[in-house]
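Only one structure is covered here, and it is reproduced in the block below.
The values are calculated or read from the model by the stated rules, or taken from the named source; none is laboratory data. What you see is a predicted model; the values in this text were computed from it and never measured. Note that we place each Cβ from the backbone using ideal geometry, even for glycine, and neighbour counts take in every protein chain shown. The area values use the complete protein model at the heavy-atom level, side chains included, leaving out ligands, DNA and RNA. Shrake-Rupley method; radii C 1.70, N 1.55, O 1.52, S 1.80 Å.
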Amino acid sequence: MATKKVSNPRPSGKAKETRNPKSEIQNSKPLVAVVMGSTSDWETMRNADETLTKFGVAHECRVISAHRSPELAAAFASNAEARGVEIVIAAAGGAAHLAGVIAAHTTLPVLGVPMKSDALNGLDSLLATVQMPAGVPVGTLAIGKPGAINAALFSIAILANGRPVLRKKLHQFREDQEKKIREATLE
Ligand code: RP5
């Protein structure tokens with residue numbers, strides 16, 4: 001398996017470590033792996049990266065394709081648990097089998113993010129990701145940017161179960177969000 005991060009514009013885990021030196025979630029090893037089928041998915045998936053960074057969650061972002069690099073996909077998924085990864089976010093467009101292929105090779109929670117495709121506006125990606133036959137689950141989020149953000153927030157919610165500092169941050173995030181709605185004014 002290639003160890004190089006194929007498409008990771010910045011070393012997310014290390015950046016977070018610096019920003020949150022005392023956080024219990026400080027961890028140079030990624031807890032969340034964000035994988036995507038193509039560099040063309042990055043524009044959308046950078047929203048997952050940014051959300052995880054905001055919460056100080058060590059993560060990695062990389063390009064792995066189920067059909068263009070099938071052996072890399074299998075090796076990555078098979079080794080993820082041993083590397084300390086706790087959740088995989090997998091994004092792909094079109095036939096979008098990346099999340100399912102990753103889930104086939106690991107029992108870690110896999111969250112799928114369907115990319116908005118040119119041909120069918122992401123409906124193809126959504127159905128390909130969400131319609132997993134029983135036995136190998138993929139938790140599927142919304143198409144595109146909302147799905148990327150929510151996949152990160154969902155990961156944070158899972159991680160927060162055993163990490164009180166992270167849970168506190170999540171509560172704060174929701175409170176801030178609610179405050180904005182309550183204080184919203186229309187011109
Ligand atoms: C999928 O095919 C990728 O996840 C991407 O959303 C889509 C198109 O890929 P490119 O042709 O832009 O590389 O595998």
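Taking into account only those residues within region 71-81 that are within 28 Å of Arg167 (Cα to Cα) and either of a type outside the set (A, V, I, L, M) or open to solvent by 10 Å² or more (accessible area, probe 1.4 Å) (or both), which is farthest from the ligand (Cβ to nearest atom)? Lay out the reasoning, then the answer.
Within region 71-81, the first condition is being within 28 Å of Arg167 (Cα to Cα), and the residues that meet it are 77, 79-81.
Next cut, either of a type outside the set (A, V, I, L, M) or open to solvent by 10 Å² or more (accessible area, probe 1.4 Å) (or both) only: 79, 81.
Details: Asn79: 21, Glu81: 23 Å.
Filtering first and then ranking leaves Glu81.
Given the conditions (1) buried (at least 18 other Cβ atoms within 10 Å of the Cβ); (2) of a type in the set (Val, Ile, Thr); (3) over 16 Å from Asp41 (Cβ atoms), report the number of the one that Val165 does not fulfil.
Tallying (1) buried (at least 18 other Cβ atoms within 10 Å of the Cβ); (2) of a type in the set (Val, Ile, Thr); (3) over 16 Å from Asp41 (Cβ atoms), Val165 fails exactly one: (1).
Given the criteria among the basic types (Lys, Arg), over 20 Å from Thr140 (Cβ atoms), assigned to a loop (DSSP other than H, G, I, E, B) and within 11 Å of the ligand (Cβ to nearest atom), does Arg68 qualify? Quick ask: steps written out before the conclusion?
Values: among the basic types (Lys, Arg): yes; over 20 Å from Thr140 (Cβ atoms): yes; assigned to a loop (DSSP other than H, G, I, E, B): yes; within 11 Å of the ligand (Cβ to nearest atom): yes.
Judged against the criteria, Arg68 is a match.
Looking at region 132-157, I want the residues that are under 13 Å from Glu50 (Cα atoms) and have a partner that is open to solvent by 40 Å² or more (accessible area, probe 1.4 Å) and in a loop (DSSP other than H, G, I, E, B) with Cβ atoms under 7 Å, at least 6 apart or on another chain. Which pairs are those?
Asn150/Ala142
I'd like to know if region 91-100 contains one or more residues that are at pLDDT below 95, in contact with a strand residue (DSSP E or B) (Cβ under 8 Å, 6 or more places away or on another chain), open to solvent by less than 10 Å² (accessible area, probe 1.4 Å) and near the ligand (Cβ under 10 Å from one of its atoms).
yes
Results for (1) among the β-branched types (Val, Ile, Thr); (2) over 28 Å from His171 (Cβ atoms), shown as yes or no for each residue.
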| site | (1), (2) |
| --- | --- |
| Asn79 | no, yes |
| Ala92 | no, yes |
| Leu127 | no, yes |
| Gln131 | no, yes |
| Val138 | yes, no |
| Leu141 | no, no |
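Return the residue satisfying two criteria in turn: it lies in region 32-65 and is assigned to a strand (DSSP E or B) and touching an Asp or Glu at 6+ places or on another chain (Cβ under 9 Å), and of such residues it is surrounded by the fewest Cβ atoms within 10 Å (Cβ to Cβ).
Of the residues in region 32-65, the ones assigned to a strand (DSSP E or B) are 32-36, 59-63.
Checking the rest, the ones that are also touching an Asp or Glu at 6+ places or on another chain (Cβ under 9 Å) come to 32-35, 59, 61, 63.
Details: Val32: 29, Ala33: 25, Val34: 29, Val35: 29, His59: 26, Cys61: 27, Val63: 20.
So, considering only residues that are assigned to a strand (DSSP E or B) and touching an Asp or Glu at 6+ places or on another chain (Cβ under 9 Å), the one surrounded by the fewest Cβ atoms within 10 Å (Cβ to Cβ) is Val63.
What is the residue count in region 104-147 for residues that are outside any loop (DSSP other than H, G, I, E, B) and either open to solvent by 10 Å² or more (accessible area, probe 1.4 Å) or touching a helix residue (DSSP H, G or I) at 6+ places or on another chain (Cβ under 7 Å) (or both)?
Of the residues in region 104-147, the ones outside any loop (DSSP other than H, G, I, E, B) are 104, 110-114, 123-130, 139-140, 145-147.
Still in the running and either open to solvent by 10 Å² or more (accessible area, probe 1.4 Å) or touching a helix residue (DSSP H, G or I) at 6+ places or on another chain (Cβ under 7 Å) (or both): 104, 110-114, 123-124, 126-130, 139-140, 145-146.
Of the residues in region 104-147, 17 are outside any loop (DSSP other than H, G, I, E, B) and either open to solvent by 10 Å² or more (accessible area, probe 1.4 Å) or touching a helix residue (DSSP H, G or I) at 6+ places or on another chain (Cβ under 7 Å) (or both).
Per-residue answers, yes or no, for (1) of a type in the set (A, V, I, L, M, F, W, C); (2) within 18 Å of Pro30 (Cα to Cα):
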position	(1), (2)
Thr51	no, yes
Gly56	no, yes
Val63	yes, yes
Glu86	no, yes
Lys116	no, no
Ala134	yes, no
